[in-house]
Each structure stands twice: as structure tokens, then as C-alpha cells.
Amino acid sequence: MDRLFFVAVKALLFFDGKFLLVKRSGNARGEHSYWEFPGGRLEFGETPEEALARELKEETGLTAKIIRPLQTWSFFRGDDTQIVGITFLCKADSDTVQLSSEHDAFSWTTFDELDQYRMVPSVLDDINKLDLASLSD
């Protein structure tokens, strides 16, 4: 059995006191109709920062300043695929989003509004582990 291993990056992307969530469409890999942070997998030869800049541009049309890594995470998809990831704190240059076909909706929101969104439980757990007071740096 072939086993697959991927590295992924996500952005906790702030603009004007809110952060961006995107909703996965039926065209996306993985869980559909869930809200998540924008991001994706590294391509061979990319640094995590290069991959994040590329994925943000592809998925949202946005550019951003990467401030710092926030946390790492890992999960298994089935018995043969492992994905290890890094979530970065980023500041968007604009709030004008142009979604790719991977997502069919977006929202600039606050942490207090998260209960309005259907998120993958592991993503919500990761958000709850963040030191929210440190994000104002």
C-alpha cells in the first residue's frame, strides 16, 4: 500500500479587526461545506511562506504580510495519508476577496462569531487552543 505525506499551510488572516473564513465547495478535496482558514499544500521546492503566499493568491486573490507561525497540527486521512501543517498569523493587504472554485463563500468575522459557522471539529479545537490575547501583537 502506498502511503502519502503532505505538508500544508493555513492563514489566520486579519484585516480591520476581523479574520477571514472560507467555505469549501463541492470542487474541493476533503470535507465539503465546512468553513476553514485559507491555505493548502506545499509543492515540491517551496518554503511554507512561499506556499502560503501562492495559496492565498489562488484561493482568495489576496496578498498578505506573514507575521509569525501560530501553531502546528497533524491529522490522518484514512489509513494511508498524513498531513502535517502550520497555521500562520497574517495581515491582509485588502479585504477584497476573489474566491477560487475551491470555495463558494467567505466571511470576515470575529472569534465571538465562530459559533455561526460549521467548521471541521479539529479546526475549531485548534482555534480554541490559540492564545487569543497574543494575536494583537
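Here are the numbers for this structure:
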| item | result |
| --- | --- |
| Lone unmet requirement of (1) surrounded by fewer than 20 Cβ atoms within 10 Å (Cβ to Cβ); (2) of a type outside the set (A, V, I, L, M); (3) on the phi > 0 side of the Ramachandran plot for Phe5 | (3) |
| Hey, Ser100 over 13 Å from Phe14 (Cα atoms), polar (S, T, N, Q) and touching a helix residue (DSSP H, G or I) at 6+ places or on another chain (Cβ under 6 Å) or not | yes |
| Near pairs, Cβ below 6 angstrom, 6+ apart or cross-chain, from the range 72-88 (in contact (Cβ under 8 Å) with a residue 40 or more places away in the chain) to any residue that is exposed (fewer than 12 other Cβ atoms within 10 Å of the Cβ) and β-branched (Val, Ile, Thr) | Ile86/Thr72 |
| Residues located in the range 29-61, provided they are assigned to a loop (DSSP other than H, G, I, E, B) and either surrounded by 18 or more Cβ atoms within 10 Å (Cβ to Cβ) or in contact with a Lys or Arg (Cβ under 6 Å, 6 or more places away or on another chain) (or both) | His32, Tyr34, Phe37, Pro38, Leu42 |
| The range 62-78, residues that are part of a strand (DSSP E or B) and not charged (D, E, K, R) | Ala64, Ile66, Ile67, Pro69, Leu70, Gln71, Thr72, Trp73, Ser74, Phe75, Phe76 |
| Within the range 1-15, tally of residues that are within 13 Å of Ile67 (Cβ to Cβ) and basic (Lys, Arg) | 0 |
| Residues of the range 79-116 that turn out to be surrounded by fewer than 16 Cβ atoms within 10 Å (Cβ to Cβ) and assigned to a loop (DSSP other than H, G, I, E, B), as a count | 9 |
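Just so you know, all these numbers are worked out from the coordinates, no wet-lab data involved. Values in this document were obtained by computation on a predicted structure and should not be read as measured data. Neighbour counts are summed over all protein chains in view; Cβ atoms, including those assigned to glycine, are modelled from backbone coordinates with ideal geometry.
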